[in-house]
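*Asks:* Below you will find the structure I want to go over with you.
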Amino acid sequence: MFTRIFSITLAVLLFLLLFGTSRFPLFFGLSTLVLIIAAFVFNYKRLNFSWPHLLLPITYLTAVAVIAGLITDSSFRTVFLVAASAVFYVLEIRLGRESHLLQNLFLLSVFGIYLGLFAMEFYLRVPIYWLLPLVFAVSYLFAIQGFAGFTLPAKKYFHLLTALITTEAAWGLTFWPTHFFVNALVLFCLFYILWLFAFSAFFGKLSRAKIYWQLALVAIVLIVTLSTAAWRPLR
């Protein structure tokens, strides 16, 4: 009962704080930080020191704040925050158990944070020597969280490998004349393929049909996105 009450409280605070401070960037950032700290403290007491599980609410709240900050239409932002708050309640209730829903929320959070990094580079002109270490750091944490379902010693090498590959890809994407949404989507697709194939291989569920199907799905997404994307002016 306590878990449900506190989860509802966090979900309501998510909406109220981010909705009320959306026009004030400083307070918006501080509200996000307060939510992250509150969720971390609550989940730490509930789950003890379990990093993969403790990371998911942090990545989700960060991604929600990023996307809400990028939405310019107030009505659409309100609808998004209502939906995000409801989903956050479900996340908190199910946190600590392996499920496809939590995996999907993890992937959506990965995309949201990549979107924020490229948006920061696009709007704030963040130098590449700041962007790439950030991509490496968050990708490494994503790998730790994404490979949390097994205890094979070899997975630590995949943490580093995934972070290195995504960082190199992000470096190349900074030279593309595309907007930050396209860059974030391309990097997310790369991370998704790396994570899914490694995760499936570790559990013995990787098959030729799965490889073909996932590569075809990602190829369709990328082709549609790149063929319809507007190019930004070269600097």
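*Asks:* What distance in nm separates the simple spin-label points at Arg23 and Ser200, each placed 7 Å from Cα in the Cβ direction?
*Replies:* That separation, rounded to one decimal, is 4.9 nm.
*Asks:* May I pose another question? In the range 115-197, which trypsin sites (Lys or Arg not before Pro) are in a loop and have at most 16 other Cβ atoms within 10 Å, using DSSP for the loop call?
*Replies:* Loop-located and lightly packed - Arg125.
*Asks:* Next up: Report the normalised scattering of the chain as log10 I(q)/I(0) at q = 0.07, 0.13 Å⁻¹, calculated by the Debye formula with identical scatterers on the alpha carbons.
*Replies:* -0.24, -0.85
*Asks:* Here's a follow-up. Measuring from label point to label point, each 7 Å out along Cα→Cβ, what is the Ile211 to Thr78 span in nm?
*Replies:* Calculated label separation equals 5.1 nm.
*Asks:* Total Lys pairs in the chain closer than 26 Å by alpha-carbon, pairs eight or more apart in sequence or interchain only?
*Replies:* 4
*Asks:* Another question, then. Need one number: nm distance between label points at Ser99 and Leu30, each 7 Å from Cα along Cα→Cβ, rounded to one decimal.
*Replies:* 3.5
*Asks:* Something else: Between Thr178 and residues 5 or more places away or on another chain, which pairs have amide H atoms under 5 Å apart, with H built 1.01 Å from N, and which residues are they?
*Replies:* Correct list: Arg232.
*Asks:* Let me ask something else about it. Taking chymotrypsin sites (Phe, Trp or Tyr not before Pro) as candidate sites, keep only those in a DSSP loop with at most 15 other Cβ atoms within 10 Å, then name the longest stretch of the chain containing none of them.
*Replies:* 50-149
*Asks:* Here's a follow-up. From the residues Leu141, Ser200, Trp231, which one has its Cα farthest along the dipole of the range 128-235 in the positive direction, the dipole being from +1 and -1 charges on Cβ of Lys/Arg and Asp/Glu about the Cα centre?
*Replies:* The Cα lying farthest towards the positive end belongs to Ser200.
*Asks:* Note down the magnitude of the dipole of the chain about its Cα centre, charges +1 on Lys and Arg C-beta and -1 on Asp and Glu C-beta and zero elsewhere, to the nearest 20 debye.
*Replies:* Roughly 300 debye, rounded to the nearest 20.
*Asks:* Using the C-alpha atoms of the range 1-112, what convex hull volume per residue, in cubic angstrom, is computed?
*Replies:* 89
Bear in mind that the values in this text are calculations on the coordinates, not laboratory data. Only a predicted model underlies this, so the values are computations on that prediction, with no experimental measurement involved. A quick note on method: Cβ atoms are made from the backbone with ideal geometry, for glycine too, and the neighbour counts reach across all protein chains shown.
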